[in-house]
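One structure follows; several queries about it will come next.
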Amino acid sequence: MALKGNLRDFSTTQLLNLVNLARKTGTLAIEGRDGQVQMCFKEGKLIYARMNGQDDRLVSILLKAGKITDELARTIRARSDIKDDRELGVLLSNAGYVTQSDIADSVRNYTLGIVYKLFTWSDGMFRFEPTLLPIQGRITIPINLENVIMEGSRRLKEWERLQEELPNLDMALRFTDRPDARLRTINLAVEEWRVVSFINPRNTIRQIAQYNNMSDFQIRRIVYGLLQAGLVEIVQPEGVEPKPVSGPAGAPPPAPVARRRPAVKRSVIRRLIDRIREL
């Protein structure tokens with residue numbers, strides 16, 4: 001019989017502890033408001049994870065990790081003679097495009113990136129199906145659950161703190177006085193530069209996250225760091241009226257704001273390109 005329930009009664013940490021201690025083999029599916037995730041285990045070790053709506057094929061994982069180019073990814077997808085991810089991994093490794101370590105690290109990081117999100121889920125239905133394993137042909141990497149649980153718990157505490165510091169992602173950002181000089185003297189990661197390039201009072205923090213395919217946790221952590229460094233400040237988005245606290249009974253709801261692609265601050269893009277050329 002499959003184990004099933006709700007995260008309100010049995011948290012992700014408790015579920016992973018159960019799988020670890022019982023050395024379970026099978027697939028744990030969790031469905032919440034942010035999507036559906038399947039985690040696969042073999043003898044108590046995490047071996048794979050996927051989220052519905054995301055392409056979990058190796059070519060997409062390597063492209064997202066920056067291990068292959070867009071052109072190579074298009075060439076691979078156009079071929080119909082490659083049977084599965086394992087065969088693709090061998091072909092790419094033998095051709096010198098990637099190493100076996102590149103493949104293993106990319107799959108591991110992809111898997112962990114999905115699982116760590118689950119630690120912030122407080123509600124959702126789960127079901128554990130024993131003996132059910134990933135789709136045949138997928139590359140699996142055994143991961144000790146003790147490390148996953150420890151890192152996930154640390155991220156949960158950080159997530160709770162970031163939610164307190166940045167509760168509203170529908171606000172916008174703008175640079176503080178003289179950002180040029182500060183940007184030249186500070187070392188930013190690639191993801192931080194991606195966020196910086198879209199900072200504009202017309203773009204909400206949520207829009208910047210959506211365009212860069214970042215989770216709420218990722219965007220909050222990056223924005224919090226930029227705020228602490230004194231590079232940006234939070235402002236009301238341009239062209240958006242503040243929401244009233246309350247309205248008369250029976251009044252119609254305000255018209256929805258059309259979602260648009262965030263505007264790019266061109267001067268920042270030019271600085272980003274110049275900085276990359278200097279590396």
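State the extension gain, in nm to one decimal, for the chain segment bounded by Asp34 and Leu169, taking 0.36 nm per residue of separation less the distance between their alpha-carbons.
On the way: separation 135, 0.36 × 135 = 48.60 nm, distance 1.59 nm.
Length gained, Asp34 through Leu169: 47.0 nm.
Quote to one decimal, in nm, the extra length available between Ala65 and Ser215 on full extension: 0.36 nm per residue of separation minus the C-alpha distance between them.
52.4 nm
Follow-up question, since we're still on this one. When the distances between all Cα atoms of the range 3-162 are binned every 5 Å from zero, what whole-number percent does each bin get?
1, 9, 17, 21, 18, 13, 10, 7, 3, 0
Can you tell me which aspartates and glutamates have their Cα less than 19 Å from the Cα of Lys45? Leave out same-chain residues fewer than eight positions away.
Asp105, Glu129, Glu146, Glu151
Got a sec? Which residues in the range 108-128 would a label at Leu3 touch, if it sits 7 Å along Cα→Cβ and we count backbone N under 11 Å?
Of the residues in the range 108-128, 127-128 have backbone N under 11 Å from the label point off Leu3.
Gain in length, Ala189 to Ser122, computed as 0.36 nm per residue apart minus the alpha-carbon separation, to one decimal in nm?
Details: separation 67, 0.36 × 67 = 24.12 nm, distance 3.01 nm.
Net length gain for the segment: 21.1 nm.
Calculate the FRET efficiency for Gln228 and Leu91 from the Cβ-Cβ distance with a Förster distance of 51 Å, rounded to the nearest 0.05. Can you show the working numbers first?
Numbers: r = 45 Å, r/R0 = 0.89.
Between Gln228 and Leu91 the formula returns 0.65.
Further question on the same structure: Check Arg174: other-chain or 5+ apart residues with amide H under 5 Å from its amide H, H built from backbone geometry?
Amide H neighbours of Arg174, under 5 Å, 5+ apart: Glu233, Val235.
So what J values fall out for the range 37-48 if you push phi through Karplus, 6.51 cos²θ - 1.76 cosθ + 1.60 with θ = phi - 60°, rounded to Hz, Gly and Pro as x?
Coupling constants for the range 37-48: 10, 10, 10, 10, 10, 9, 6, x, 10, 6, 10, 6 Hz.
Now, a different point. To make sure I understand, if each residue's beta carbon is the centre and we count other beta carbons within 10 Å, what order do Arg108, Arg50 fall in, fewest to most?
Details: Arg108 17, Arg50 20.
Fewest-to-most Cβ neighbours within 10 Å comes out as Arg108, Arg50.
OK, next. Among Ile76, Ile186, Ile208, rank each residue by its count of other Cβ atoms within 10 Å, from fewest to most, as a rough exposure measure.
On the way: Ile76 20, Ile186 13, Ile208 24.
In increasing order of surrounding Cβ atoms, one gets Ile186, Ile76, Ile208.
Quick check: convex hull of the Cα atoms in the range 1-89, volume per residue, rounded to a whole Å³? Walk me through the numbers on the way to the answer.
Values: hull volume 12.4 nm³, N = 89.
Dividing the Cα hull volume of the range 1-89 by its residue count gives 140 Å³.
For Gly32, which sequence-distant residues (separation of 5 or more, or a different chain) have an amide H within less than 5 Å of its own amide H, given hydrogens modelled in the peptide plane?
Counting only residues 5 or more places away or on other chains, the set is Val37.
Taking the number of other C-beta atoms within 10 Å as the exposure measure, put Leu46, Leu166 in order starting with the fewest.
Ordered from fewest to most neighbouring Cβ atoms within 10 Å, Leu46, Leu166 come out as Leu166, Leu46.
Just to be sure I understand the model, the point goes 7 Å from the Cα along the line to the Cβ. What's the resulting Glu238 to Asn109 distance in nm?
Placing both labels 7 Å along Cα→Cβ, they lie 3.5 nm apart.
Bear in mind these aren't lab numbers, they're just calculated from the coordinates by the rules spelled out. Keep in mind that what you see is a predicted model, and the values were worked out from it rather than measured. Cβ sites come from the backbone with ideal geometry, for glycine too, and all protein chains shown count toward neighbours.
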